[in-house]
Each structure stands twice: as structure tokens, then as C-alpha cells.
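The block underneath contains the structure these notes are about, expressed in C-alpha cells.
The values are calculated or read from the model by the stated rules, or taken from the named source; none is laboratory data. This is a predicted model, so every value here is computed, not measured. Cβ atoms come from the backbone with ideal geometry, glycine included; neighbour counts cover every protein chain shown.
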Amino acid sequence: MRRYPPQRLLGGDSAVDDNQQSSVKRAPASRAFAVSKLQTPTSTSSSLASASTSSSSSSLVAKRKTEELFRRLQPHSLVQSTEKLLATLRIAPTLIVNGEELQPKAPPAPTVAAAASAGARRPTSTTAAWRFRPDAGKFRYGLSLQYAPSDMELTLASLKDVRVLVTSAAMSTPRCIPLANGNALSIKSWRLVAETDRRVGLALYELSLGDWNASSLLVLVWTQKREVARLFLQLHTTELLYSAPQRALQVRRDDDLDRNHGLHSYTAAISLRSLDELFWEREVYQVEFPTPEAGAQHVTVQLLDNVHGGTVAAGDRVLTSETEPALRLETEAVKCAMDNCFLVDFTLWDAECIPIWGFTRALELKNGSTKQQQNDEEGGFDMSVSYLGGEAKRFQLHFQDPVRGNDLVVHLTKLSSSFTSHQSAKKAKIWVIQVDVSLSLKFINSTFGTHY
């Protein structure tokens, strides 16, 4: 493991002492070619200057290409443009804990069926190639990296210094990503996401970070003494593109049509996933936020309706997984799966393809509201789905942005098998019922200069 001292001294290893220079004799003419190969301080300086010039030139080329890609962003080509931007910038994150750089670990080994379908070929956990590879932690709207602490006695209380550095082809020096609560960490800085069964004794904590607080660091700890077992760096892809190097958001200060008729032509993208598996993903175009009702503090839109993307069939809303949708975890002592927690990547772009809100968060799967359960009793379930042989329950994933006041709620239905232990067991089936996006009026007015 690499250690990071407070300061680093930069010096040349080929520096020659003055006394040594004076003792060097003139070489004969026949040895002139051999002497020319010797590295002198002058040639070292010139080679360093040449390397610096080459690095600066490649950085400028990457910046120009990045600016061109940002300028040509279109709603229906956001996925392809994001892949090109990541390939151009070649962003590489580094996690430093208590002054020590941690090396990424490969995700847990896949199941037998997944390994057979992949030809027993396991991609390495690297950020060199930015292609969609969930089993390597690369998703379209998020990047997942796993780490194991080298200090086996590291606890949540002793975790005092966390730094995330990013490098890219458009930057000459690494950049430190800010933390939500500053550099001073304490137990209160971490948010409890979910816990496993008491017999397993693991809990998942989260710390938000990034220029927009859109990314996060997850820590898996043993509940008894809060000893750190694993760390999971979850980077929001869109935020990462605007952070390495740091790029200002050029948000329009007026609505594209009429500030009295809501916000128009927005694009939204959402993913439900684990650390190494994508369960469900959807892009929605032409999202229209209506004008707020009298006395309302939020403007809410439902993404899966007849207006935005049309009525989505039940088959297109089902969460797909090798076994059952869950957060697979693996430590030196135990392997388990948390079925009460999902990772959610969400991004909302305006009509100019400028991101105005987004996040990557681990959210606990909670029971649906009383109103939802009442709707189910009155026949609110999707009749295109068979409920025979199982019990259907409503759940939801809810994220509330404490800074902006915005909300995202993903409504889910889980169909659990009712087979007995003597019958063939079937895995639970989960599908998305609706996705609600709510923007606070305070956020809208401060962002767009409106006066709702």
C-alpha cells in the first residue's frame, strides 16, 4: 500500500556533484558517440521540459475534444456521448483512507450460471476502459469501486481522514473531491442505510461527497464494534464528468417557453442496481413539469405514465437478476445478500442537456405508504401480471435531498413465492410501479430565476 506523507520532495536522481563534473575528462573523438548517450543535467532538464510540453499538449487536445462533445450533447445521445467523454478524459479515481491509498478489489465472483455465460472470463476492476460492464462496477450512470481496508482494526470512529482524488487526461495535477461535511469526520457524519439480519451482524453506512454531493462512499461495518469490513466508492457519472476538470454549469436562467407554464423538454435517467449488477434502467424524454398549485411547495411529475414515454408494459418494469435482486456482499468471514437495499443512480437534464439534479445513493427498501396499500386492496395492482401462487406487497425507495429539498420516490411491487419448503422454490419477482420526481419551488426559483 502506498503511503501519502504530508509533503513530498521532488528531486532528480541524476544530479551530478560539482566535484564529479570537474573530474570528468574529455573523451576522444572515437568515443564521441558513446559519450553523447550519457545523461547530463542539461539533457535531463531538456527531457523533463519535453515531457512537460508533451503532457500539456495532450491535455489541451483532451480539453478541446471534451468541449466539442459537451457542445453537441443531445437528449437521445446522452449515453453515447457520456461514453465518449469518459473515454476521452480517462478519469481515474483514488481512495485514500487515513493517509493510505487503497487498491480496488474485484467484485465477488459471479454465480455458476453467470460465469458459464461469460465463458469463465472475469474482467479486472480497472478504469482504463470505460465501457458498460456491471460485473466490473461500470454502469452507464454510476461507477462502483470496492476496497478492503489494510488496517484490520479500522473502525468507523477511527476513520478520520477520507480523500478521493481524481486524475484525467485534461488535468495536469490530481484534484481532491470535496466531502459533504468537510474534512473533519466523525460517527455523526455517516448515515445508516440498512442492516443485515442480526445473525450476520453487518450494517451499511454512507457518506455523501462530490461538487454536487451526488456521489457517495459506502462503508460495510460489523455492528458489534463498527469495524470496517469493506468500502464502496459510488461515483455519479455525470458529476464526475463535471469534476475532472471542474466545469461550471451553464444553466439557463429562464424557462424555454413561458415561466408561467412550468418547465419543459427535460430528460431523466434512472438505474436500480447493486454493486456489480444492473437490475433496471430507463431513460425518459420530454418530461414536462407543470406549474405549481396554489400553496404547494413542490412540483411533481410521474415518469412512467401515458405522457412521458407512454404506458410501460409490466415486462419492461421487472427487475432482472441472476438470482434475486439484492446487494451481494462478501468479506473474508462471510458472504451475504441484503435484499432490503438497492443502489439508485438518477440524473435530470434540462432542455439544453445541462444536468440540474442527480445523485447516486444506497436506499433502503421500505414498506409502501398506507395510501398505496389501500389502492392495492381496491384493485390497484397491474392486472397484466399474474399474482397466483404468491403474495404481493408494495415497497418504495425514497431519497430526499436535504440541500435542495427535492424528492425521488420509486414505487415497487414484490411478489414473494408462497411455495412450501417441500415444493420447488421460485425467486421473488419485483417490478417498478411508478417513479415520482418532485422539485421544490425554492430549488426551481434559485436555479432558473423564476418566481413561482
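Table: residues versus (1) out of contact with any helix residue (DSSP H, G or I) (no Cβ under 6 Å at 6 or more places or on another chain); (2) within 30 Å of Glu283 (Cα to Cα); (3) modelled with pLDDT under 95.
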| residue | (1), (2), (3) |
| --- | --- |
| Gln74 | yes, yes, yes |
| Glu83 | yes, yes, yes |
| Ile96 | yes, no, no |
| Pro108 | yes, yes, yes |
| Ala115 | yes, yes, yes |
| Gly137 | yes, yes, yes |
| Tyr147 | yes, no, no |
| Lys160 | yes, no, yes |
| Met171 | yes, no, yes |
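For the stretch 173-204, which residues satisfy the criterion of being of a type in the set (Ser, Thr, Tyr) and either surrounded by fewer than 11 Cβ atoms within 10 Å (Cβ to Cβ) or modelled with pLDDT of 95 or more (or both)? Passing the criteria: only Thr173. For the stretch 323-339, the tally of residues that are in contact (Cβ under 8 Å) with a residue 60 or more places away in the chain, part of a loop (DSSP other than H, G, I, E, B) and buried (at least 18 other Cβ atoms within 10 Å of the Cβ) stands at 1.
Taking Thr320 as the residue in question, decide whether it is part of a strand (DSSP E or B) and at pLDDT 90 or above.
Details: part of a strand (DSSP E or B): no; at pLDDT 90 or above: yes.
Answer is no for this residue.
Among the residues making up the stretch 196-226, those that are assigned to a strand (DSSP E or B) and touching an Asp or Glu at 6+ places or on another chain (Cβ under 9 Å) are Leu202, Ala203, Leu204, Ser215, Ser216, Leu217, Leu218, Val219, Val221. Taken residue by residue, the stretch 62-71 has at least one member that is surrounded by 16 or more Cβ atoms within 10 Å (Cβ to Cβ), closer than 27 Å to Tyr242 by Cβ and at pLDDT below 90.
Hey, can you tell me all the residues within the stretch 274-295 that are out of contact with any Phe, Trp or Tyr (no Cβ under 9 Å at 6 or more places or on another chain) and over 29 Å from Phe132 (Cα atoms)? Let's see the steps before the verdict.
At the first step, the residues of the stretch 274-295 found to be out of contact with any Phe, Trp or Tyr (no Cβ under 9 Å at 6 or more places or on another chain) are 276-277, 282-283, 290, 293-295.
Passing the criteria: Pro290, Glu293, Ala294, Gly295.
Determine whether the stretch 282-298 contains at least one residue that is part of a loop (DSSP other than H, G, I, E, B), surrounded by fewer than 20 Cβ atoms within 10 Å (Cβ to Cβ), at pLDDT 90 or above and of a type in the set (A, V, I, L, M). Yes, some residue in the stretch 282-298 is part of a loop (DSSP other than H, G, I, E, B), surrounded by fewer than 20 Cβ atoms within 10 Å (Cβ to Cβ), at pLDDT 90 or above and of a type in the set (A, V, I, L, M).
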